[in-house]
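This report concerns only the one structure given below.
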């Protein structure tokens, strides 16, 4: 059942109070009308009954009407109740400044009086709706702030975990100082898309030969990083029991990855794995044995001749040719030659004036341009070139380029 509308009328004139009550009885008999004859009483009754509308005479004893209005508009319980001033004077500007919402000049006609009351009640309802909406919005804003703080805490925990994972991943990969003992002249451009990377590099020495790999695991970030750790562990294990042969190392690595991921060649099976280029450098014989799973390598000779060595078109992982062995390619070296090993991330970056991929052709030209520079200068050229190419865009993949001068 809807509550009756409550109206508080404060006037010193008994005749005016009776007239107003009579108007309501004739036209709005369901209204509850409360009477006050002075300012202090009006304030007390307004606080007690919380009316829907307050009618105040401009001349109230004990507490003058301006003080009454200021009190009612200051108290939270009554500040949104519309106040209509009844006055026979036009000097009422200060009362509007105090907070009066409307006025009626005395004497008034019944029709005008009812219209003003109707407007004031509508104002009160709108104010109440706004107040309810503001309260609801405040509650929602508080809840959003709570959820935001929770998300920020969770985000921090996740980033802390990933950052720690990066320390583990970096610890597993070869240290630059170790690379220098095996490869006197090299540069390493390694730039993960996120905190951790799906690209990894690996190096080992056996029988006076240096084995170097550049690999790109499925995905980037955490998903790719899991496979980089597994790939590094598998390669370390394989060279302990396998004779030094690039293709044979990739065959064993594929078997390990397929067992790890439970890949059996079934329909709809996830085709996770890695692309890799693996080189075995024999600096005494001045040759390198190369085998690749979707990852090519480049040789830039001292006379600026560029040679690209294509990989087997299959990954380390499940594939329609997963039972087909990888093949070796033997590359003759000369003093001063550059060998470039890389994943597809560098060439796949979008940028430039037409927002297109960098592509392998540009990478080949870049290797030709860089080949005569020092290792530090080559690194700076590769870094500057791709930064300028990407520009304001986001990096879309992990990047790995290794340059070795013979």
(request) Being in contact with a helix residue (DSSP H, G or I) (Cβ under 8 Å, 6 or more places away or on another chain) and within 23 Å of residue 395 (Cα to Cα) is the filter here, so list the residues in region 363-375 that pass it. (result) 366, 370
(request) Those residues that are in a loop (DSSP other than H, G, I, E, B) and over 25 Å from residue 49 (Cβ atoms), I need them from region 97-122; list them, please. (result) 107, 109
(request) Scan 302, 327 and give me the residue that is at pLDDT below 95 and either closer than 20 Å to residue 231 by Cα or in the same structural domain as residue 255 (by TED's automatic domain parsing) (or both). (result) 302
(request) Filter region 269-293 for residues that are within 21 Å of residue 259 (Cα to Cα), free of Cβ contacts under 8 Å to residues at least 60 places away in the same chain and surrounded by 14 or more Cβ atoms within 10 Å (Cβ to Cβ) and give the result. (result) 272, 273, 274, 292, 293
(message) If I filter region 177-224 down to residues being at pLDDT below 90 and at positive phi, which single residue comes out as farthest from the chain's Cα centre (by Cα)?
(response) 219
(message) residue 94 - would you say it is more than 23 Å from residue 28 (Cα to Cα) and in a loop (DSSP other than H, G, I, E, B)?
(response) no
(request) Have a look at 47, 56, 63 and point out the one that is under 22 Å from residue 125 (Cα atoms), assigned by TED's automatic domain parsing to the domain that holds residue 124 and surrounded by 15 or more Cβ atoms within 10 Å (Cβ to Cβ). (result) 56
(request) Mind listing just one residue for me: the one in region 351-391 that is within 21 Å of residue 195 (Cβ to Cβ) and out of contact with any strand residue (DSSP E or B) (no Cβ under 6 Å at 6 or more places or on another chain) and, of those, surrounded by the fewest Cβ atoms within 10 Å (Cβ to Cβ)? (result) 387
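The values are calculated or read from the model by the stated rules, or taken from the named source; none is laboratory data. These figures come from a predicted structure and were not determined experimentally. Reconstructed Cβ throughout: ideal geometry from the backbone, glycine too, with neighbour counts over all protein chains shown.
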